[in-house]
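These notes concern the structure reproduced below.
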Amino acid sequence: MPFHDCIGHHIPIALLQAAVKNKRLAHAYLFHGEEAIGKRLAATRLAQALSCEYPPDAERFDSCGACRSCRQIESHTHPDFVIIEPDPEQASRQIKIEQVREIEHQIMYRPLIAERKICLIDDADRMTIGAANALLKTLEEPPDHSLFLVISSRPAALPSTIRSRCQSLRFTAPARTQVEAALILKREISPDDARFLAIISEGRLGEALTIDVKDTRARQQELINLVRPQSLQSIESILSSAETIAKAARAQDILAWLARWIRDLILIQVGGDRDQLLYLDDLRKLESYAQEANTDQLLDLLCEIETTEQRATRNLNLHMALETILLRLRDALALTPTRATA
C-alpha cells in the first residue's frame, strides 16, 4: 500500500516527498516519536516508493503497492531492503554488534535491483554500545547507494553521534478522529468501540489495531465495579479486592485503569471536554462523585499511583500499595466507611 495508508504524519511524509523531488534525500533519517504511531510503516512506505517498478504518479512521489518490489519489501524479502531489530525471543531485547556487522557487509555492495540499498533499523535505541559504534562508522562514510532509516521512540537514548549524522523527522500521534476512522475501516468495529480503542491507546494506531476489544472492556468493567460506593465504603471489601487482585498479579494493570478513572473524574470537576472521557458510559456515577470529591486529594493520588508504578520493579509490596491507594480514594470521594457486622 502507498503512503495514503499512513494515518496522519502529513508533514514528515511531505518533507520526504519534497526531498526526493528535489534530489536532496539524505543518506540517513531518524524517525522518532511515540511507540506504535506509524514510524515503521512510514519507513516501509518510503522504501517501497524508492524501489517501486511502476510509480503511480510522476509528480507525486509514491508507490503502486502492487509490483514485485513493493510486495517484496512488504514481506521483507527484497534483496536491497534489510531490517535490523531486537530479537523478540531474547530476555534482554537488544540489537547486537553482529547484526550491524552483517549490515556493513551487505551495504558495501551495490544494489541488485533497486537504485538504493535501504537499511531499516527499528528500536534503534536498543543497540548495544558496540553495535552503535559499528553503525557510526558506516554513517560517517556511507556508500552513495545506501539509505539508513533509523527508528526510535526514545531518541535521547541514542548516542548523540548517531543522532547528529541523521536527518531527524518527528512523528506525532494522529488526531483521534483519524484513528477512529481507520479502526472502523480496518477492524470493522462500531464507532463506540473505535472511540474506546482510540482513547485507551492514546492515539497509537499500531497498538489500537491489536487490542482485544472484549477483553479490554472486561478489564474496564472490573475497575468500575471496584470503585462503586458499596465497594469502597466497605473496608472488608477493599481489603478482599486488593488481595484478590494482588494474587492474580494484576495490581499494576488495575492501578493504570484507576489512574485513567481519576483523570476522568478531575476532567469533569474542572469542566473539561467530556468527549475526552474514557469512562463515558459511567458518566452519571462520575458526575455524582465529582460533586463531593476533593480535587487536591485526587491529584495527590495520581502522583502516588505514578510513583507506585515506577517502583513496581523494586520489590515494592503492590498488595499493600493497592490497599492504601483504595483507602485514600475512599477518603477523597468523601465516602463514609462501613464495616460488616458479625
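Read-outs: derived from the displayed coordinates by stated rules, not from any lab. Everything quoted here is computed from the prediction, not taken from an experiment. Quick reminder, even Gly has a Cβ in these numbers, built from the backbone with ideal geometry, and neighbours come from all protein chains shown.
Below, the figures for the structure above:
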| item | result |
| --- | --- |
| Computed label-point distance, nm, for sites R250 and D212 using a 7 Å Cα→Cβ extension | 1.2 |
| Inter-label distance for I11 and R110, nm, one decimal - labels placed 7 Å from Cα along Cα-to-Cβ | 4.0 |
| At most 10 other Cβ within 10 Å, DSSP loop - GluC sites (Glu not before Pro), the range 150-214 | E188 |
| Rel. contact order, % - alpha carbon contacts under 8 angstrom, at least six apart, the chain | 16 |
| Cα-only radius of gyration and Dmax that characterise the range 62-154, units Å | 13.7, 39 |
| Efficiency of FRET from Cβ geometry, Q167 and D192, R₀ 41 Å, rounded to 0.05 | 0.50 |
| Overall dimensions of the chain by Cα: Rg and Dmax, Å | 24.7, 82 |
| Backbone HN-Hα couplings from phi across the range 227-244 [Karplus 6.51/-1.76/1.60, Hz, Gly and Pro as x] | 9, 5, x, 5, 7, 7, 6, 8, 4, 4, 5, 4, 5, 5, 5, 4, 5, 4 |
| Value of [θ]222 nm, deg cm²/dmol, for the chain, DSSP H segments ≥ 4, -39500 (n - 2.57) each, nearest 500 | -15500 deg cm²/dmol |
| Helix 283-292 vs. the chain, principal-axis angle (Cα, 0 to 90°, nearest 10) | 60 |
| Amide H contacts under 5 Å for Q167, placed H, 5+ residues apart | A28, Y29, L30 |
| Trypsin sites (Lys or Arg not before Pro) within the range 1-46: DSSP coil, no more than 16 neighbouring Cβ in 10 Å | K23, R24 |
| For I83, distant residues with modelled amide H under 5 Å away | L120 |
